Amino acid sequence: MSEFQTYESPAEGAPHTAPQPERKQSTLALVSLILGILSWVMLPLIGGIGAAITGHMALKEIRESGGALEGDTLAKVGLGLGYANLALGLCACCLWLAVMAMGFMGSGLEQMGALVLLAA
């Protein structure tokens with residue numbers, strides 16, 4: 001027996017795959033997702049704003065990393081949750097303002113009607 005071991009070369013046509021570097025998860029993307037979820041559970045305004053800001057920061061960080069970072073899906077989900085929460089909050093504020101304006105207008109009209117009746 002020989003002291004040396006022989007190694008067989010890969011078969012002809014077999015793909016040679018280089019080891020892929022391990023991609024790291026973007027921390028900002030995870031923060032965006034967590035804030036997006038919290039914006040619906042505990043922190044309506046602050047969570048939505050934070051999710052939108054960190055989501056955009058995470059997408060920029062991932063894009064500029066050259067493939068070293070992953071997590072763009074987490075960042076996009078966090079962005080969606082944050083923006084949806086902010087949009088719903090804005091609609092609720094507009095509705096509240098409309099109801100308040102109608103309440104003030106209604107009371108003003110009632111007072112004007114009472115004055116017209118008193119004058120007649």
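Rule-based calculations on the coordinates, nothing more; no lab input. As the structure is a prediction and not an experimental result, all values here were calculated from the model. Because the Cβ atoms are built from the backbone with ideal geometry, glycine has one as well, and the counts that use them run over all protein chains shown.
Just so you know, the Rg over Rh for the range 18-102 is 1.21, from Cα atoms, with Rh as the Kirkwood radius.
For ASP72 and LYS24 in the same chain, what is the full-extension length gain: residue separation times 0.36 nm, less their Cα-Cα distance, in nm? Working shown, then result.
Numbers: separation 48, 0.36 × 48 = 17.28 nm, distance 1.17 nm.
In short, 16.1 nm is gained.
Relative to the Cα centre, the charge distribution of the range 24-92, modelled as +1 at Lys and Arg Cβ and -1 at Asp and Glu Cβ, gives a dipole magnitude of about 40 debye. Residues whose amide H lies under 5 Å from that of GLU70, counting only those 5 or more places away or on a different chain, are LYS24, GLN25, SER26; hydrogens are built 1.01 Å from N in the peptide plane. Relative to the current alpha-carbon distance between LYS60 and LEU43, full extension at 0.36 nm per residue lengthens the span by 3.7 nm. Highest mean packing first, where packing is the average number of other Cβ atoms within 10 Å per residue, the peptides 72-83, 53-64, 90-101 line up as 72-83, 53-64, 90-101.
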